[in-house]
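Structure, as structure tokens:
The values are calculated or read from the model by the stated rules, or taken from the named source; none is laboratory data. Treat the numbers as computed from the prediction; the structure is a model and nothing was measured. Glycine also receives a Cβ, built like all others from the backbone with ideal geometry; neighbour counts cover every protein chain displayed. The protein model used for the area step is the full one, side chains on, heavy atoms only, and it has no ligands, DNA or RNA in it. Shrake-Rupley method; radii C 1.70, N 1.55, O 1.52, S 1.80 Å.
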Amino acid sequence: MENFKLWLEFEHADFSDSDMENEACNIHVELPNGKHYGINVWTYKFLETMRKLNEKNEENANGNFQISPDLFVKKLTRDCIEKTIAELLKQGKLEDLLN
């Protein structure tokens, strides 16, 4: 596993009332080679929440489409996101995998 530093928005903001399986956040990944990545992360359930909200608010053609985030995960936890980023780094460069 490649070493990296991980900053998670939910560790620096109040997410105490959040369902971490139905939420979104921003993360920052710093690699030892000096590369930095800002990544918008959603849970799978949050996609459906956004679709329903767009439908209700008559946005995105009444929920017919959603512009996706950079990454989907099962749950917003440090463990889940660390494992996800480590696996992605094994597969290649983040800029190639997430864009």
Worksheet item: Assuming PHE4 fulfils every condition listed in (1) of a type outside the set (Ser, Thr, Tyr); (2) free of Cβ contacts under 8 Å to residues at least 60 places away in the same chain; (3) open to solvent by less than 50 Å² (accessible area, probe 1.4 Å) apart from one, which condition is it?
Response: (2)
Practice prompt. Among the numbered conditions (1) touching a strand residue (DSSP E or B) at 6+ places or on another chain (Cβ under 9 Å); (2) at pLDDT below 95, tell me where LYS75 comes up short.
Written response: (2)
Worksheet item: Does PHE65 satisfy the criteria of being hydrophobic (A, V, I, L, M, F, W, C), open to solvent by 60 Å² or more (accessible area, probe 1.4 Å) and without any contact (Cβ under 8 Å) to a residue 40 or more places away in the chain?
Response: yes
Response to the item:
Note on segment 23-32: residues open to solvent by 40 Å² or more (accessible area, probe 1.4 Å) and either touching an Asp or Glu at 6+ places or on another chain (Cβ under 8 Å) or modelled with pLDDT under 95 (or both) are ASN26, PRO32
Worksheet item: Within segment 50-62, is there a residue that is hydrophobic (A, V, I, L, M, F, W, C), closer than 26 Å to ALA13 by Cα and open to solvent by less than 60 Å² (accessible area, probe 1.4 Å)?
Response: yes
